[in-house]
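The values are calculated or read from the model by the stated rules, or taken from the named source; none is laboratory data. Computed from a predicted structure; not experimentally measured. Here Cβ is always computed from backbone atoms with ideal geometry, including for glycine, and neighbour counts include all displayed protein chains. When the accessible area is computed, the model is the full protein with side chains, heavy atoms only, and any ligands, DNA or RNA have been set aside. Shrake-Rupley method; radii C 1.70, N 1.55, O 1.52, S 1.80 Å.
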Amino acid sequence: MNTRDWPIRAKLTALVVGPVTGLLALWIFATTLTFGPALDLLAARTLLYDLGRPGESVVAELQRERRLSVVQLAGDTALPALAEQRTRTDRAVAELRRRVDGEKLRDAADDQLDTRLDQLVSALDALPAGRGFIDSRKVDRAGAVGLYSGMIGSAFQAFSGMATLPDTQINREALALTALGRSRELLGQADALLAGAVTAGRYAEGEHEQLVRTIENQRFLAENAVADLPPAERAAYQRLTEGEGFVRLRALQDTLVRARDLPAGLDVRAWETSYAAVSQGLRDFELRGADTLAERSVPMAVRILVRLAAAGVLGLLAIVVCVLVALRVGRSLDRRLTSVRTAALEMAEHRLPDVVARLRRGEEVDVAREAPELDHGGDEIGQVGRAFNEVRRTAVQAAVDEVTLRRGLNEVFLNIARRSQGLVHRQLALLDRLERRTEDPDELAGLFQVDHLATRLRRHAEDLVILAGAAPGRGWRNPVAAVDVVRGAISEVESYDRVDVGEVQPAGVLGRAVGDVIHLLAELIENATVFSPPGTRVDVSGRSVPGGYTIEITDRGLGMSPPALAEANRKLARAPEFDPTDSARLGHFVVARLAARHGVRVELRPASPGGTTAAVLVPSDLVTDEPALGPAATDGVAGPDDRRMAKVTRLATVPRTRATRPGRERPESAVLPLPAGRTSSVETPPDGDGLPRRVRRRGPVARPRPVGVDNPPHRTPEEARRAMSALQAGTARGRRDGARRAAEPSPPEPPAAPDQPTATERDA
């Protein structure tokens with residue numbers, strides 16, 4: 001049986017119940033073992049007066065009836081004295097039956113005595129049939145002697161069954177008295193045999209030998225019985241045997257033993273007188289001895305009961321004291337151990353997490369108040385309690401130090417990030433001015449590449465801000481089209497050329513969430529490009545759904561296992577605390593923080609036929625109608641938000657695959673005036689999208705280039721990137737100029753002023 005996981009109360013109860021139960025069982029056993037003999041001693045008086053006295057009367061009457069029956073069988077006529085004796089015998093037997101059938105005697109008798117009483121009753125039931133055989137002379141004198149002797153023997157068996165008292169000396173004396181009674185019975189058998197022989201004038205066949213055996217057995221039993229009597233009783237018996245009747249009877253017995261035939265000069269009168277005196281003397285001696293035993297058994301039983309009562313009370317008192325002490329000690333141990341356990345659980349489950357939460361909220365925490373000293377005593381439990389006090393104080397202090405360290409680390413992150421953000425914003429502004437002043441396509445392509453790297457650097461700096469628990473500095477005042485938000489996210493990814501923009505249904509995102517949504521999408525798109533083979537494409541699409549707007553990013557990689565997918569979704573569903581040891585999933589942490597800030601839901605699921613799809617659900621309170629493309633300010637100049645969005649989307653100008661909406665028509669062609677000697681470009685509205693596309697042309701004073709470079713049969717990746725950068729720059733510039741034309745159909749104005757950062761960016 002494994003008791004390791006038992007509650008402490010159950011263990012203490014087991015420690016108490018086991019010994020107490022054993023002690024109680026031992027007390028009950030000892031009490032019962034002592035109480036039984038005491039009851040047996042008290043029952044000795046009942047056995048004597050309900051069985052001994054009535055049984056002895058029956059034995060005496062049966063002995064007289066036996067002698068008369070033998071005398072009648074030896075003669076020729078019926079004896080009137082036999083009929084009278086039978087009446088006296090019947091009265092004695094009836095009294096004995098009444099006592100035997102009573103509950104008092106049966107309750108005092110044990111199983112052995114019960115059996116012998118039943119045998120005695122059965123033997124007495126044969127008395128009427130035996131009398132009939134005697135009256136009809138169907139038995140001889142020896143048969144009659146055997147009939148009565150059998151019933152008398154059953155009575156003595158019952159007398160021997162009473163000698164089961166707990167005191168060995170009393171039992172020995174009782175058995176000695178019973179043996180004397182048997183010797184007296186043998187003396188009665190000899191008297192009956194002699195009476196029959198005297199009446200018939202001779203011994204029947206075998207009667208002399210039977211007479212001799214009976215006399216010898218009688219003497220042997222008497223000698224052995226007297227040896228077990230106490231000295232006083234032996235002396236009294238010795239005085240009895242020295243009487244005249246005993247001496248004369250012994251002499252007559254010797255004469256009968258020596259003579260083979262019935263002696264002619266036998267004094268029958270002397271025999272009868274001596275036998276009557278000896279028999280009565282022995283009977284009186286036995287009765288006095290039985291009364292003495294009964295009287296001795298009662299005080300002995302009382303003494304046993306008194307000792308039993310004292311021992312029982314003391315034992316019960318000891319048990320009660322043990323139980324009370326065990327309960328008190330057990331309750332004290334349980335209470336103290338429970339208090340230690342409660343303090344430990346309260347600290348681990350409530351106080352310490354509350355202290356950490358308050359520290360993270362910036363509240364001040366008093367270590368002494370949060371970890372007060374608890375007194376648990378001076379024993380081992382108290383020592384454990386004091387050790388726990390130290391552990392608790394150390395834990396609270398460690399939590400304070402850890403949160404302080406984390407707060408300082410966050411401040412370091414935030415400080416570095418803010419500095420980096422400021423530098424990146426200044427770098428982007430400088431690059432924007434350089435891009436506006438540069439007309440050379442190669443130089444412009446290089447500036448675009450540096451601009452792209454700076455844009456990614458800004459996103460990584462924003463990651464530090466998010467790790468520190470602060471909000472990034474970017475923000476828009478006006479809603480932005482969903483397609484522009486997607487393009488802005490793509491422009492912040494290194495492998496933007498692998499991203500395909502599919503169908504993006506018209507919608508707008510509120511300006512306060514545009515920066516975070518762009519950052520969130522950029523993290524997911526970058527994950528899609530990093531964790532998919534280089535030759536595969538990443539698809540981005542968007543559609544309106546009940547409850548918001550969903551943007552799906554699908555890669556064609558190996559995908560994720562179901563446990564990994566479930567773990568990633570669990571982290572994305574709530575914003576966890578930043579764990580520096582889990583730097584491999586830093587993007588998930590940033591996405592979860594950004595999503596939790598605006599209530600955006602992000603879920604990863606398997607793609608078909610392979611790969612992973614990231615579904616971003618922007619809630620309906622952040623979604624609005626799609627704003628018009630290239631809206632003009634009220635003064636005819638593009639606003640800062642429009643210029644910034646045109647800038648962040650310069651690397652993703654793939655036309656949207658949807659019909660042109662009213663109010664978005666553009667002139668079929670427009671040529672921007674360029675300085676002489678610069679590369680010219682023509683802007684056309686491709687695919688009915690209204691976005692101008694710039695095509696580079698070589699001017700008359702263009703720098704000499706090697707023959708065959710204008711139309712090479714195979715472009716290198718670097719040349720393709722430069723061409724794409726020039727195309728994107730032209731598209732952005734065409735979008736700004738198209739916005740000015742839509743506002744005022746007049747000759748083109750000078751280029752707009754360089755883009756200025758918003759207040760949020762300046763704060764950063």
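Per-structure values
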read-out	value
Peptides 444-450, 113-119 ordered by average Cβ neighbours within 10 Å, highest first	444-450, 113-119
Relative contact order for segment 111-228, counting Cα pairs under 8 Å that sit 6 or more residues apart, in percent	27
Peptides ranked, highest mean first, by Cβ atoms within 10 Å: ranges 481-491, 544-554, 124-134	481-491, 544-554, 124-134
Burial ranking of peptide ranges 173-184, 223-234, 92-103 (average Cβ count within 10 Å, highest at the top)	173-184, 92-103, 223-234
Net charge of neighbours whose Cβ lies under 12 Å from the Cβ of residue 603, counting Lys and Arg as +1 and Asp and Glu as -1	+3
Fraction of accessible area attributable to carbon and sulfur, segment 265-369 (%, probe 1.4 Å)	64
